[in-house]
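Student: Below you will find the structure I want to go over with you.
Just so you know, all these numbers are worked out from the coordinates, no wet-lab data involved. Predicted model, so just to flag it, every value in this text is computed and none were measured. All Cβ positions, glycine included, derive from the backbone under ideal geometry; neighbour counts span all protein chains shown.
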2 protein chains.
Amino acid sequence: MEERLILISNDDGISSKGIDTLIRIAQPYGKVVVVAPANAQSGKSHSVSLTRPVRFEKIYDSENLEKYVLYGTPVDCVKSALTKILPRKPDLMLSGINHGSNTAISLIYSGTMGAAIEASFYGIPSIGLSIVTHDLDADFSVVEKTAPALIEKVLEHGMPEMVSLNVNYPVCQLNDFNGFKICSQTKSYWYEDFEETVDKYGNQAYYQRGHLVNIEPDNKDCDESAIAGNYASIVPVKVDFTDYKMIDELKKWNL
Amino acid sequence: MEERLILISNDDGISSKGIDTLIRIAQPYGKVVVVAPANAQSGKSHSVSLTRPVRFEKIYDSENLEKYVLYGTPVDCVKSALTKILPRKPDLMLSGINHGSNTAISLIYSGTMGAAIEASFYGIPSIGLSIVTHDLDADFSVVEKTAPALIEKVLEHGMPEMVSLNVNYPVCQLNDFNGFKICSQTKSYWYEDFEETVDKYGNQAYYQRGHLVNIEPDNKDCDESAIAGNYASIVPVKVDFTDYKMIDELKKWNL
């Protein structure tokens, strides 16, 4: 049987602790090819470089692990891997481990999930993994001990086309970890809180800060509640933007 | 009654012909405030500038029209408008008119729709408009004659939270235009075709090209079919990434 081929990317860049941990988690399952951005790509969502060429370089090459650094977005990494780097379609795509939460509405801004979602368009079983702290030295020991069971299930069952998994881990020790919980994406929005800065010419500019507002705090089956209960949330993510209910409504408008 | 407030943005930049046309279309309906990127932001999807401050400048100010140029993404434009520029929540948000198709899977890469979708998160009725040609001098006369009827319907009926409209116009003359068609987003993927370029140091890099592959060519009710029939497609877009069917499947995995 041909050896399994696993593609890894992320949005924190190829030098992050999260991607190093994910590589270690993945290596027992096959040959790992990492194609990851040179620098931080947080908030890059599903963006793709169209107006400039994308460049990548191989920076590590051994029998079971290759690493490429790419000057572009997480989605650029997946497209370049599938089109120019990998010898064939990979059997699994892993993205992360992101330093920071990608629960709730944060999912749509996430470069980590952008990469996982992109891979799912090509029928590749894909998982985005995050931990809900921005700490660059985050403790990934719970992820390292528990994510293999999830990866094995995904390899065993496969995934439908266009569906990926958005997995978020709480910050806790293994003793306090309550396992995985299958969830919906929490209904929420982002409360903006802009931090003003002034450059040396007196121009104002703004860092975009803020926090998530959970508009269904009593829903126990959504990812924010899972995290609060020290579960790792698993949200199956499907990209179909059509609001089928609204189609019927619009047809009554007599446009 | 207070005058209506209308926010306009796009992803082709504040100097494009498409946004000028959209401003003209919107002006009869209220005061228009334009907050648009300084330069082309095609393919920026839902990306937001997190690691650097966002700057904007007022470049035009009259009683019924203000224009701001912003150094950032389309979603940055909407967030900045709502948080720092507008005196109150606008009654309508219009994005475009994009030079290029945003039907089918292109929607997820679209900065035009990123801006419209972002506005819908805050309960603002929002419409993204595109024409299916990249021609910088595209003929928008059909849009200009027919989009007002759609805007009036949206102002009359309002829109549910988290729902926006993705409207794509065919390239045709008014005589050949068949009107609006309410559609689903065409199931499709992007076939990659990378164009190699070599810099003066001999480094290879790639422009991402390619074309859309329609995987449901016989579906008459999707946006690609509407465009082919010289209709303007209207897809109601809802952001809820959860695949509820897959939740039941995952629960059987005994994770």
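Student: Suppose a student asked you for the relative contact order of chain A, using Cα pairs under 8 Å spaced at least 6 residues apart; what percent would you report?
Tutor: Computed value for chain A: 17 percent relative contact order.
Student: Here's a follow-up. For the range B:193-255, take the alpha-carbon Rg, divide it by the Kirkwood Rh, and send me Rg/Rh.
Tutor: 1.23
Student: Separate question: If each of A:Gln27 and A:Asp240 carries a label point 7 Å out from its Cα toward its Cβ, how far apart are those two points in nm?
Tutor: It is 4.1 nm.
Student: Okay, next question. Suppose a student asked you for the relative contact order of the range B:175-253, using Cα pairs under 8 Å spaced at least 6 residues apart; what percent would you report?
Tutor: About 37 percent, as a whole number.
Student: Please pull out the direction-averaged projected area of the protein assembly as shown, using the convex hull of its alpha-carbon atoms, in nm² to one decimal place.
Tutor: 25.3 nm²
Student: Something else: For the range B:28-45, in order, what is each residue's ³J(HN,Hα) by Karplus, 6.51 cos²θ - 1.76 cosθ + 1.60 with θ = phi - 60°, in whole Hz (x at glycine and Pro)?
Tutor: Going residue by residue, I get x, 9, x, 6, 10, 10, 9, 10, 9, x, 5, 9, 4, 10, 4, x, 7, 6 Hz, with x marking Gly and Pro.
Student: Sticking with this one: What percent antiparallel are the DSSP beta bridges of chain A, to the nearest 5?
Tutor: For chain A, the DSSP antiparallel bridge percentage is about 45.
Student: Using a 10 Å cut-off on Cβ to Cβ distances, tally the other chain neighbours for every residue of B:37-47 and report the average as a whole number.
Tutor: Mean inter-chain Cβ contacts per residue within 10 Å come to 6.
Student: Starting from the Cα coordinates of the range B:1-67, work out the convex hull volume and express it per residue in Å³.
Tutor: In the range B:1-67, the Cα convex hull volume per residue is 113 Å³.
Student: Rounded to the nearest 5, what % of DSSP beta bridges with both residues in the range A:51-203 are antiparallel?
Tutor: Antiparallel bridges: around 40 percent, rounded to the nearest 5.
Student: For the pairs B:Lys153/B:Lys220; A:Lys145/B:Lys44; A:Lys200/B:Lys58; A:Lys17/A:Lys44, flag any whose C-alpha to C-alpha distance is greater than 27 Å.
Tutor: A:Lys145/B:Lys44
Student: Can you list the HN-Hα couplings for the range A:124-138, worked out from phi with the Karplus curve (6.51, -1.76, 1.60; θ = phi - 60°), rounded to whole Hz and with x for Gly and Pro?
Tutor: 9, x, 9, 10, x, 10, 9, 10, 7, 9, 7, 3, 5, 10, 3
Student: If you don't mind, there's one more thing I want to ask. Of the options A:Gln208, A:Ile182, A:Met162, report the single residue whose Cα projects farthest towards the positive end of the charge dipole of the range A:98-255 (beta-carbon charges: Lys, Arg +1; Asp, Glu -1).
Tutor: A:Met162
Student: If you don't mind, there's one more thing I want to ask. Given the Cα-Cα distance of A:Lys200 and A:Thr133 and 0.36 nm per residue of separation, how much length would full extension add, in nm?
Tutor: In short, 20.9 nm is gained.
Student: Taking H placed 1.01 Å from N in the peptide plane, check which residues at least 5 places from A:Tyr68 or on another chain put their amide H under 5 Å from its amide H.
Tutor: Residues meeting the criterion, in which the H sits 1.01 Å from N, are A:Val34, A:Val35, A:Ala36, A:Ile59.
Student: Hey, another quick one. What are the ³J(HN,Hα) couplings of the range A:7-13, residue after residue, when phi is run through the Karplus curve with 6.51, -1.76, 1.60 and θ = phi - 60°? Round to Hz, x for glycine and proline.
Tutor: 9, 10, 9, 6, 10, 8, x
Student: Can you put B:Cys222, B:Cys172, A:Cys183 in order, fewest other beta carbons within 10 Å first?
Tutor: Ordered by Cβ neighbours within 10 Å, fewest first: B:Cys172, B:Cys222, A:Cys183.
Student: Who wins for biggest fluctuation among A:Gln41, A:Gln204, A:Gln185 in a Gaussian network model of chain A, springs between alpha carbons below 10 Å?
Tutor: Its mean-square fluctuation being the largest, the pick is A:Gln204.
Student: Please find the FRET efficiency linking B:Asp20 to B:Tyr207, where r is the Cβ-Cβ separation and R0 is fixed at 25 Å, and quote it to the nearest 0.05.
Tutor: Efficiency for this residue pair is about 0.35.
Student: Right, here's the next one. Could you work out Rg/(2.2 N^0.38 Å) for the range A:51-97, with Rg from alpha carbons only?
Tutor: Taking the Cα Rg and dividing by 2.2 N^0.38 Å, one obtains 1.17.
Student: Once you have the Kirkwood Rh of the range A:92-147 from its Cα pairs, apply Stokes-Einstein at 10 °C and 1.306 mPa s and quote D in µm²/s.
Tutor: 136 µm²/s
Student: If you build the Cα gyration tensor of chain B and take the root of 5 times each eigenvalue, what three semi-axes come out, in whole angstrom, biggest first?
Tutor: Equivalent ellipsoid semi-axes, largest first: 28, 24, 22 Å.
Student: Further question: Would you mind telling me the antiparallel percentage of the DSSP bridges in the range A:13-110, rounded to 5?
Tutor: 50 percent
Student: OK, next. What average count of beta carbons from other chains do you get within 10 Å of the Cβ of residues in B:50-62?
Tutor: 4
Student: Now for a separate question. List the residues whose amide H sits under 5 Å from the amide H of B:Asp12, counting only those 5 or more places along or on another chain, with H placed 1.01 Å from N in the peptide plane.
Tutor: For B:Asp12, the qualifying residues are B:Gln41.
Student: Counting pairs of alpha carbon atoms under 8 Å apart in space and at least six apart in sequence, what relative contact order in percent does the range A:36-138 give?
Tutor: 31 percent
Student: Less than 17 Å apart at the alpha-carbon level, and either on another chain or at least 8 residues along: which aspartates and glutamates does that give for B:Lys252?
Tutor: A:Glu152, A:Glu156, A:Asp221, B:Asp243
Student: Please report Rg over Rh for the range A:132-255, where both radii come from the alpha carbon positions and Rh follows the Kirkwood definition.
Tutor: Value, to two decimals: 1.10.
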